[in-house]
Amino acid sequence: LPPRHMDSVVQIVEALESSGPSFAVPELARALGGCSTPGCRAVLGEPPEVPPAPPALARQQWLLFTQLLRHDAAAPGGGAVLAPDGSTVTLGPLFAGIEVGLKRATGRPTPAVEPPVDALYAVTVAEALGTSFLLARGGDGHRATLGPAGCWDDVDDPQNYTLLGPPSPIPDAVAIGAMDGVLLGAQLAQEPTPLADLLRGYYGTGNGTEKGRPPSSYRRRDFGVLTGPGKLEEEVVAMLRVLRELPPTQELLEDVGPEEMVAIARQAARDFTEVYVECPAIVPRCMWGARPYRGTPKPLTLPLGSVYIHHTFSPSDPCRTFAACAHAMRAMQRFHQDTRGWDDIGYSFVVGSDGYLYQGRGWHWVGAHTKGYNSKGYGVGYVGDFSATLPDPDAIALVRDELLPCAVRTGRLHHNYTLRGHRQMGHTDCPGNSLFHEIETWHGFK
């Protein structure tokens, strides 16, 4: 089959659009199972019959599209594709949001639902989020409500996506597909566009080979601007009320009173906002192609009290695409393991100029970044040489305004942490004069 990559989806959509009106594509996605949950069916209507394979598609394309939209609760990674920015997107909520946007643009109503809901949120994020937190209520606290992330077998030819832990009803790929469905649905409602053009413009083309950041790498910021926590909470409550009236889900909610419903929705909206809007996306090791750790990693004792800022110096150029940043990570790990003789890449996290953080040793393991202080703090390295120039404003904000506050909120860093440049802890010019003068202005700098 073609690779499970967003490029393959764009080619399928383009072929379908060339043979008929564009609104047929999301309806076809719904026929194939992209909107199979009770709430989504109530809002968008019962799915149409599955048509015969469209002549515009090659047999392999039709098979892939069918597989990607078939709902299988036992395989939550089944409907996912890899986007050029390195994120993984589930197609069901994406196309459901697009269908709502197109209906709004052309004045075609969605079925009336009681109590009323915002259809765009109902079919993308609100039902999945409400259901996830509803199922976890009253449990032992070990049931996952959000996540996990996952990894592809091969980022150049992605075919199999494996989750990195026990699945919740809203794993990362579903959350990302839902956010993209909201953003693209809202965009279409304002300005109808052929879907292939819309998807190509939003995700970029090629496996991270284009210059510059695609709009999809700003999804957390843009979703946060469009959807405050209050709006999300309101839509989850509305969707839970709808689910209480639908025969397939009545039983789930029969003993949930109005106050508890609001409490579930508030927790769901708060947690979702923290994980997918306020905290930055971190690319897991298996996505950038990390070698295994050598030996046995030593655990950190959290929360830590310090953060040490570095620049990589080599590579000296910032990386601006997923492909370039993943390549830089592999090169640094090889250098640290093979030349320096360390167990692994030294940094806790590495900052790309593509809008993403890359997991080195991560939150829980002692790194090799700041000699004598590795167990006391996290080492955060910017890809590039910042002796004479600064990282992009986005890359500065990624650490200063997102990673550090997130680490405090999630209990990994003391609220009164100290921030220092590598040069303050040893004989080095790192993190470069320009970046060092920048971090002197940050909260916690000592």
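The values are calculated or read from the model by the stated rules, or taken from the named source; none is laboratory data. Owing to the predicted nature of the structure, the values given are computational and were not obtained by experimental measurement. Cβ sites come from the backbone with ideal geometry, for glycine too, and all protein chains shown count toward neighbours. Protein only, heavy atoms only, side chains kept; ligands, DNA and RNA dropped before computing areas. Shrake-Rupley method; radii C 1.70, N 1.55, O 1.52, S 1.80 Å.
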The size of the Cβ-based charge dipole (Lys, Arg +1; Asp, Glu -1) of the chain about the Cα centre, to the nearest 20 debye, is 1380 debye
Between Leu135 and Glu191, Cβ-based FRET efficiency (R0 45 Å, step 0.05) works out to 0.75
One finds the C-alpha centres of the range 262-316 and the range 217-233 to be spaced, in Å, by 20 Å
Taking only Cα atoms of the range 373-446, the Rg to Rh ratio with Kirkwood Rh works out at 0.94
Of the convex hull enclosing the alpha-carbon atoms of the range 228-296, the direction-averaged projected area in nm² is 8.0 nm²
Which of [x] 1.08; [y] 0.95; [z] 1.02 gives Cα Rg over 2.2 N^0.38 Å as computed here? It is [z]
With label points set 7 Å from each Cα along the Cα-to-Cβ direction at Glu49 and Val225, the distance between them in nm comes to 4.5 nm
Result: in the chain the number of Lys pairs with C-alpha under 29 Å apart, spaced 8 or more or on different chains, is 6
Among beta bridges assigned by DSSP with both residues in the chain, the antiparallel ones amount in percent, to the nearest 5, to 35 percent
Those GluC sites (Glu not before Pro) from the range 15-103 that are DSSP loop and have at most 14 other Cβ neighbours within 10 Å turn out to be Glu49
dims of the range 286-440, Cα set, principal axes, largest to smallest, nearest Å -> 35, 35, 30
When the chain is treated as a Gaussian network with springs between alpha carbons less than 10 Å apart, the largest mean-square fluctuation among Val351, Val262, Val81 is found at Val262
Here FRET efficiency (C-beta to C-beta, Arg294 to Glu259, R₀ 41 Å, nearest 0.05) is 0.15
In debye to the nearest 20, the charge dipole size for the range 286-440, taken about the Cα centre with +1 at each Lys and Arg Cβ and -1 at each Asp and Glu Cβ, equals 680 debye
Magnitude of the Cβ-charge dipole (Lys and Arg +1, Asp and Glu -1) of the range 368-446 about the Cα centre, nearest 20 debye, reported as 520 debye
Free-by-geometry Cys in the chain, Cβ-Cβ under 4.7 Å as pairing rule, reported as Cys430
As a percent rounded to 5, the proportion of antiparallel DSSP bridges among beta bridges in the range 263-408 is 25 percent
With Pro297 itself left out, Lys, Arg at +1 and Asp, Glu at -1 over residues whose Cβ is under 10 Å from its Cβ give +1
Out of Ala395, Ala144, Ala58, a Gaussian network model of the chain with alpha-carbon springs under 10 Å gives the largest mean-square fluctuation to Ala58
Here the gain from full extension of Thr106 to Thr410, 0.36 nm per residue of separation minus their alpha-carbon distance, amounts to 105.1 nm
Of the residues Gly367, Val123, Ala196, the Cα lying farthest along the dipole of the chain towards its positive end, which is defined by charges on the beta carbon of Lys, Arg, Asp and Glu, belongs to Gly367
If each part is reduced to its alpha-carbon centroid, the range 139-169 and the range 368-446 end up apart, in Å, by 30 Å
CD proxy, 222 nm, the chain: helix-only mean residue ellipticity via -39,500 (n - 2.57) per DSSP H run with n ≥ 4, per residue, nearest 500, stands at -11000 deg cm²/dmol
With a 1.4 angstrom probe the carbon and sulfur portion of accessible area for the range 6-278, in percent, totals 53 percent
